[in-house]
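Peer 1: Once you've had a glance at the structure underneath, I'll fire off some questions.
The values are calculated or read from the model by the stated rules, or taken from the named source; none is laboratory data. Model, not experiment: these values are computed from the prediction. With ideal geometry, Cβ positions are generated from the backbone for all residues, glycine too; neighbour counts draw on all protein chains shown. Each accessible area value is taken on the protein alone, full model and side chains, heavy atoms only, with ligands, DNA and RNA left out. Shrake-Rupley method; radii C 1.70, N 1.55, O 1.52, S 1.80 Å.
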Amino acid sequence: MLGIFKWISKIGEIMSDDEIVKSEVKIYHPSEDIIKLANVKEYEETYKRSITDPEGFWGEQAETLSWYKKWDKVLDDSKKPFFKWFVGGKTNIVHNAIDRHLTTATRNKLAFIWEGEPGDTRTFSYHALNREVSKMANIVKSMGIRKGDIVTIYMPQIPELIFAMLACAKIGAAHSVVYAGFSSKALKDRIEDAKSKLLITADGGWRRGKIVDLKNIVNDALEDSPTIEKSIVVKRTCQDVDMVTERDFWYHELEKEPFASKPCQTEVMDAEDMLFILYTSGTTGRPKGVLHTHGGYSLYTSTVHRMVFDIKDEDRWWCLADPGWITGHSFIVYAPLINGTTTMLYEGAPTYPNPDRIWEMVDKYGVNVFYTSPTAVRGFMRFGDSWVKQHDLSTLRLLGSVGEPINPAAWEWYYNVVGGARCPIMDTWWQTETGGFMISPYPITPLKPGSATRPLFGIAADVIREDGTSTDPDEEGILVIKAPWPGMARTIMGDDARYKDVYWSDYEKQGWYKAGDSARKDADGYIWVIARLDDVLKVSGYRLGTAEVESALVSHEKVAESAVIGLPHELRGNAIHAFCILAEGNTASSDLEKEIKEHVRDELGPIAVPEKINFVNTLPKTRSGKIMRRVLKAKALGQDPGDLSTIED
Ligand code: WTA
């Protein structure tokens, strides 16, 4: 079998997570200025209180939001792990993100600034946002959508994407945003799972100077969709597209209908009513629809955003992510708007037309807080300092990182070159399932590059051994959350059993949430997240399941079996490497490799295409037929594969 691994040459030389964590740690203390400004002035006492009296702590925080009716009980834990928060409370996330601002000075403030890739810009005050969202809401309603329906949204990063999300929430429909980088097949699967009757989309979006023809992808996906009845199409890129009569409607035409500009009432929702589902990858091939609710999610995301990023009235906040993933849901759209902040949305590629596109925008708009992924940081770093230094970035006060562990070299570059050695970096660990940040510094926290530092208020995070005991300092273990929090996912849509099984079954007796990551805690209680423990890959910060990629591979007629692993990659954090056994009568070739890669692109989308496909004759399996991916990975990295007693051959 050794022959299979001949292709591996230098991968093992990249610093492993292990080495990153163990190398010498420098501590960065916040400046007096940062401490003076901080919304959170003290950690230890508040943390202790938030853990011993979570209901008191969260009840108090919830007073910062506006409720149609106050809750009867902060937490109902009678049906573990199906926790309920703010039971009996009535609200709507839009009531807090828009409506309540309309009677204060915030009404006239910019809610968001949008810039298209070609350089066109649009800005909206809270007043204007309300007008646009009401219009979209009236239109969505006119398509027959009612409270409780799920609307699928598949859009480029344009203002109408934000309007669409908020419009659904406003009328009590849930949204399911599908990242516009996903293929028609992936879109179709998600539409079917959610049983959506309505799709909101656009003709296309701009990326690297080219049109991404979304309508074509949508037409493929809807060819034989059993549920979609209608679709709303926003005109963005203006190329010719095929519109299906009776099914597809141009938004700019609907907008002109007299009913569209009528006022639209925000629906009164129960705190526990569904706000959205967002599909994310797990260990099986079937993506799961993680479900969040109006009450707890509103409170949790806005609280952590305000505290971690020290949000001030005069701030301009930029989360450089795609609204198609949880980071965009929580921190481009909902939390900033609830906090009455000015948030930004950029349509295109971050290094287009030049590597300084982002810094040019930070300068132009006077951004104060900037939040992005380590992959993006490494991507900028690759172009060198001069692209950053051409611009005045002195408005920046805080920086943030999310999606994967940040390697100290990227951290230092981000801190020194982008942040001018002045801006603390908030390395936020969290997940689609957690709604918002869980482990992260506050601006007052001394920083160690590569560590997300300590759990936020109300978050009982710990690192444990398999038997449930806490690990010793620096010992690697399993990351768990030992108590519920308001922003937690409530279930996987339509599959309570799977929700319970994936997250809560390992420590059912104790009632602990298993995050699926490995981590270690150092002597100061700082948590260092290491990697996923399951078959989930983080590629460029995007979350993908090995099983999804494998099923895309074997759906190619010439592939009989496949296994997928992630290997360290300098830029992307991890790269997908596939091992394929070909079906009888086929021979390996670079043309075939190309053909199979193309097939994966069609099945799932560009982010899922393997870096390398290795053609093999056999795969390491257990006697019960399970592929031992850890053996493939260890071999690929030139490491000891560990216990092989269960291997079949
Ligand atoms: C990883 C993204 C280290 C982790 C918000 C987690 C991180 C998964 C960090 C969730 C971080 C996220 N440091 N690892 N600061 N942030 N992760 O659902 O493995 O796309 O379990 O949510 O990303 O990915 P998801």
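Peer 1: Just a yes or no: is a residue in segment 561-575 in contact with a helix residue (DSSP H, G or I) (Cβ under 7 Å, 6 or more places away or on another chain), surrounded by fewer than 23 Cβ atoms within 10 Å (Cβ to Cβ) and over 30 Å from residue 24 (Cα atoms)?
Peer 2: Scanning segment 561-575, I find at least one residue that is in contact with a helix residue (DSSP H, G or I) (Cβ under 7 Å, 6 or more places away or on another chain), surrounded by fewer than 23 Cβ atoms within 10 Å (Cβ to Cβ) and over 30 Å from residue 24 (Cα atoms), so the answer is yes.
Peer 1: If the Cβ limit is 6 Å and pairs must be 6+ apart or interchain, which residue in segment 551-570 that is without any contact (Cβ under 8 Å) to a residue 12 or more places away in the chain pairs with which residue that is open to solvent by less than 60 Å² (accessible area, probe 1.4 Å) and of a type in the set (S, T, N, Q)?
Peer 2: 554/562
Peer 1: Please go through segment 471-481 and pick out each residue that is free of Cβ contacts under 8 Å to residues at least 40 places away in the same chain and in contact with a strand residue (DSSP E or B) (Cβ under 6 Å, 6 or more places away or on another chain).
Peer 2: Selection gives 480 alone.
Peer 1: Within segment 383-403, which residues are open to solvent by 20 Å² or more (accessible area, probe 1.4 Å) and within 16 Å of the ligand (Cβ to nearest atom)?
Peer 2: Answer for segment 383-403, where residues must be open to solvent by 20 Å² or more (accessible area, probe 1.4 Å) and within 16 Å of the ligand (Cβ to nearest atom): just 403.
Peer 1: Could you figure out which of (1) within 16 Å of the ligand (Cβ to nearest atom); (2) within 24 Å of residue 377 (Cβ to Cβ); (3) in a loop (DSSP other than H, G, I, E, B) isn't true of residue 479?
Peer 2: Evaluating residue 479 over (1) within 16 Å of the ligand (Cβ to nearest atom); (2) within 24 Å of residue 377 (Cβ to Cβ); (3) in a loop (DSSP other than H, G, I, E, B) leaves (3) as the failure.
Peer 1: Given (1) within 13 Å of the ligand (Cβ to nearest atom); (2) more than 23 Å from residue 164 (Cβ to Cβ), where does residue 287 come up short, assuming only one miss?
Peer 2: Among (1) within 13 Å of the ligand (Cβ to nearest atom); (2) more than 23 Å from residue 164 (Cβ to Cβ), the lone unmet condition for residue 287 is (2).
Peer 1: Are any residues in segment 422-465 among the acidic types (Asp, Glu) and near the ligand (Cβ under 9 Å from one of its atoms), and if so, which ones?
Peer 2: Correct list: 427, 433.
Per-residue answers, yes or no, for (1) within 14 Å of the ligand (Cβ to nearest atom); (2) assigned to a loop (DSSP other than H, G, I, E, B); (3) at positive phi:
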site: 534; (1), (2), (3): yes, yes, no
site: 537; (1), (2), (3): yes, no, no
site: 550; (1), (2), (3): no, no, no
site: 556; (1), (2), (3): no, yes, no
site: 560; (1), (2), (3): no, no, no
site: 564; (1), (2), (3): no, no, no
site: 577; (1), (2), (3): no, no, no
site: 580; (1), (2), (3): no, no, no
site: 585; (1), (2), (3): no, yes, yes
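Peer 1: So, residue 147, is that one at pLDDT below 95 and either open to solvent by 10 Å² or more (accessible area, probe 1.4 Å) or not small (Gly, Ala, Ser) (or both) or not?
Peer 2: Answer is no for this residue.
Peer 1: Moving on to the next point. Yes or no: residue 524 over 22 Å from residue 193 (Cβ atoms) and within 16 Å of the ligand (Cβ to nearest atom)?
Peer 2: Spelling it out, it is not the case that residue 524 is over 22 Å from residue 193 (Cβ atoms) and within 16 Å of the ligand (Cβ to nearest atom).
Peer 1: Take the residues in segment 505-520 that are within 28 Å of residue 61 (Cα to Cα) and within 16 Å of the ligand (Cβ to nearest atom), then tell me which one is most open to solvent (accessible area, probe 1.4 Å).
Peer 2: Filtering first and then ranking leaves 514.
Peer 1: Using the structure shown, decide if residue 535 is open to solvent by 10 Å² or more (accessible area, probe 1.4 Å), among the acidic types (Asp, Glu) and within 30 Å of residue 400 (Cα to Cα).
Peer 2: Judged against the criteria, residue 535 is a match.
Peer 1: Could you check segment 84-127 and list, in sequence order, the residues that are out of contact with any Leu (no Cβ under 9 Å at 6 or more places or on another chain) and among the small types (Gly, Ala, Ser)?
Peer 2: 88, 89, 105, 116, 119
Peer 1: Still on this structure, please answer the following. Can you name the residue in segment 404-429 that is part of a loop (DSSP other than H, G, I, E, B) and touching a residue at least 60 places away in the same chain (Cβ under 8 Å) and, of all such residues, is surrounded by the fewest Cβ atoms within 10 Å (Cβ to Cβ)?
Peer 2: Result: 422.
Peer 1: From the list 334, 279, exactly one residue is open to solvent by 10 Å² or more (accessible area, probe 1.4 Å), out of contact with any His (no Cβ under 6 Å at 6 or more places or on another chain) and within 16 Å of the ligand (Cβ to nearest atom). Which is it?
Peer 2: 279
Peer 1: Something else now. Open to solvent by 20 Å² or more (accessible area, probe 1.4 Å) and either without any contact (Cβ under 8 Å) to a residue 24 or more places away in the chain or touching a strand residue (DSSP E or B) at 6+ places or on another chain (Cβ under 8 Å) (or both) - does that describe any residue in segment 164-178?
Peer 2: No, that holds for no residue.
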